Amino acid sequence: MKSKKKFELFNDGIVFIYNAKKNKSSFNAAINPKSKDDLDFVVKLCYQELSKREEDVQFAENRNRELNLKIKCRGYKGLNINQKAVVDNVLYSIINIDYNRDKSVVYLYLEEERKLNG
């Protein structure tokens, strides 16, 4: 009897990945994104939330960051740490991106920035 191939479930929620627009103030200072209008959409991914291991928390602290959310998604090769993630209308910075060996799964380490307007 053949065993069925197990598929991972990514049913904890949806993460939206964005590039921040290069908005500048009148004196040429960068403006932080406060709504989705300040962001350029890249991709929508379903995710599974993971527990934060002690090593993960220390990894973030060594970079003077705080790990608020760790998620696992299907592999998407267009991600980078300069992008932003939005989960439940909360904006996150991507601290780290870790792919598994065959790049079918990606792990995102996220630091909360702020709740978005609108």
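Points to keep in mind about this one:
- When the residues of segment 45-59 are filtered to those that are in contact (Cβ under 8 Å) with a residue 24 or more places away in the chain and more than 14 Å from the chain's Cα centre (by Cα), the one that is farthest from PHE7 (Cα to Cα) is PHE59.
- Residue that is nearest to LYS34 (Cα to Cα) [pool: residues in segment 76-118 that are in a loop (DSSP other than H, G, I, E, B) and of a type in the set (Ser, Thr, Tyr)]: TYR76
- Taking residues in segment 100-118 that are in contact (Cβ under 8 Å) with a residue 24 or more places away in the chain and closer than 18 Å to LEU69 by Cα, and partners anywhere that are outside any strand (DSSP E or B) and among the hydroxyl-bearing types (Ser, Thr, Tyr), the pairs with Cβ atoms closer than 8 Å and at least 6 places apart or on different chains are VAL106/TYR76.
- Qualifying positions in segment 62-75 - closer than 17 Å to SER93 by Cα and loosely packed, with under 15 Cβ neighbours inside 10 Å: ASN62, ARG63, ASN64, GLU66
- Enumeration of residues in segment 44-61 that are part of a strand (DSSP E or B) and open to solvent by 50 Å² or more (accessible area, probe 1.4 Å): LYS44, CYS46, GLN48, GLU49
- Candidates in segment 94-109 are the residues that are touching a strand residue (DSSP E or B) at 6+ places or on another chain (Cβ under 8 Å) and farther than 13 Å from CYS73 by Cα; of these, the one that is most open to solvent (accessible area, probe 1.4 Å) is ASN96.
- Residue within segment 22-33 that is within 24 Å of PHE10 (Cα to Cα) and either part of a loop (DSSP other than H, G, I, E, B) or free of Cβ contacts under 8 Å to residues at least 12 places away in the same chain (or both) present: no
The values are calculated or read from the model by the stated rules, or taken from the named source; none is laboratory data. Being a predicted model, the structure only gives us computed values, none of them experimental. Ideal geometry is used to build each Cβ from the backbone, glycine not excepted, and the neighbour counts take in all protein chains shown. Ligands, DNA and RNA are stripped out before the accessible areas are found, and what is left, the full protein with its side chains, is counted by its heavy atoms. Shrake-Rupley method; radii C 1.70, N 1.55, O 1.52, S 1.80 Å.
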